[in-house]
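The block underneath contains the structure these notes are about, expressed in structure tokens.
Bear in mind that the values in this text are calculations on the coordinates, not laboratory data. Predicted, not measured: the structure shown is a model, and the values here were computed from it. Here the Cβ positions follow ideal geometry from the backbone for every residue, glycine too, while neighbour counts run over all protein chains shown.
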Amino acid sequence: MGQAVIGPRGPGPRPAGAGGSARAHGARQRLGGLGRPAGPAALARGAGGAARPPVGVGVHQRLDRRGSASARAAQRLRRRAAGAHPRLRHRLRRPARRPGAGVGRPGQHVAGPRSADRPDRRADRGAGARGAGGTPHRGRRVSGASTTTVSVVVPHYEAPHDLSLLLTALELQDHPLHLLDVVVADDGSAQAPDPGERPYRVRVVAQADEGFRAAAARNLGAAAGSGEVVCFLDADTVPEPGYVSAVVRAVEAGADLVVGRRRHGDLASTSPDQLRRWFGGDAASAPEEFEEPAWLLEAYERTDHLRTAGDDAYRFVISAVLSTTRALFEEVGGFEETFTAYGGEDWELAHRCWLAGATFHHERDAVAWHDGEDFAGRTDDDDARRSRNVEGLALARFVAGPATRGQPGGGLVWDHPDVVVVLDDAAGGGLAEDADGADAVACVMSLLAGSDAGVWLRDGRVAALLDDPRVHVGEPPRAVLGRCRYRVDLDRPVVLVGATLAELAEVAPVRVGEHLVVRRTRDDHREDGAEVLVLDADGVSADVPRAVDLQRAWGRADHQHEPRFQRSGHLSERTPSSVTERPIASA
């Protein structure tokens, strides 16, 4: 493979609010505060360094270890979608296997060992991918009538007309109605919704009116249901008769997360009887149709309906027509309930599902009609900009990557870093009884420089020497591990020279030296993860430090530093100096 293709990671900024309907559970839209910091929602209660010199690198590419043409093509697409740092023309080669040492396997402190009662995440992702007899359906189409149970969760707020249309549309579903479990999750309407008599099970659960809490309402509804598949439908979204069965077929064929096709029409004056005639084939009863978002159509076409999507797959998931297996939804912790303004909670959930190894699928036959135009078509520029800012800032707290936070080293520190490093700072002489901790400090400095990273120290004594919010003691919290795209497990301190951790992550999974391996979180949860390759690049190393002298190194750097600007009666810019930076420790 030649030099990696550099290109956009997605279709560009989506129009404000494309991730869901502002009327997702009614007519209100609140652009209030971002809420308090927190980890993933618990379902139980409802149930900067200096710039590095250019590095010349070349690649001996190792193709996917599974060897099939489709796997190799998928890996090429993943590489292209991820992009590569323009300064890294990478030379990667397959690592030599050492007896008793697996290459690039996750450490037990990260994901935990697979046990007899939890043999494989892909295999035990719940009965939603199994038939009545427990036979796995993954990877094949099931013939005959489906027996998969489905919980349809409808977040709602003060929208009785829309809810009546949706519940009527569910009566017309061709999936067996006795397998449906419909839950209306009310977000504090002044008058509780009345679903009426229906030919399927339906109940109403409610939470207090404390503002726009669609994420919490969806969690409440999901916890009240019992279906093997959880199908979220916004109250102002009407599914066609084949919607649920199309979702179920996709799940039975191996998908863990399914996003349907949301079309747009004027349903404000449509009655339940008119809806029945329309879905029965009476074209005269059809509502006025609005244009579908072009950016979503293009994205689904480009990614073969998410089959070949990369790490930006979450950007094409919209909660108005979102379905998951119940096992996946509960595994990742449901929606993040601190989203208390319109938009973003669907992308955040989808991002965690992607990192957990979920298989995404856009099911074009699962069609549902949203009452009204897409959000971008019904707002002015100022409202759209404000909505994007509110949603973007909320997303940046939880979803790591340049698309949400800008380039690494941008000056902000996040509670959920893109790269999680776990360092045994007491091993390999890192902090012996007579040691000063300088080795561990030098290691931490080299890994944090220019990267969106956090370091967790197993021993932690060296943490008292530092005052950096990115350095922690103990094991990373589950909420952090569930949101990082990359992981590093170090059994001793090493000093990374010649590249940043962010640059290595762009070609992950990759090994540098004897001890440093940068893994992709998603690969840790899938059998078709990419092979770990060895980076062989001039000037790039990650070696155990020796003779670390922090004071001398910092003092020398200060003496050699020349200010960019100078005072000589007026301020002017200096000619760049030829002084080169020396490493903090010899290897």
Out of every Cα pair in the range 145-399, what percent are spaced more than 30 Å from each other? 21 percent
How big is the shadow of the Cα convex hull of the range 466-574, averaged over all directions, in nm²? 11.0 nm²
How would you order 466-472, 244-250 from highest to lowest mean count of nearby Cβ atoms within 10 Å? 244-250, 466-472
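Can you sort Phe335, Phe360, Phe212 by how many other beta carbons sit within 10 Å, fewest first?
So the ranking, lowest neighbour count to highest, is Phe360, Phe212, Phe335.
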Listed by chain and number, the residues whose amide H is under 5 Å from that of Arg526, excluding neighbours fewer than 5 places away on the same chain and using placed H, are none
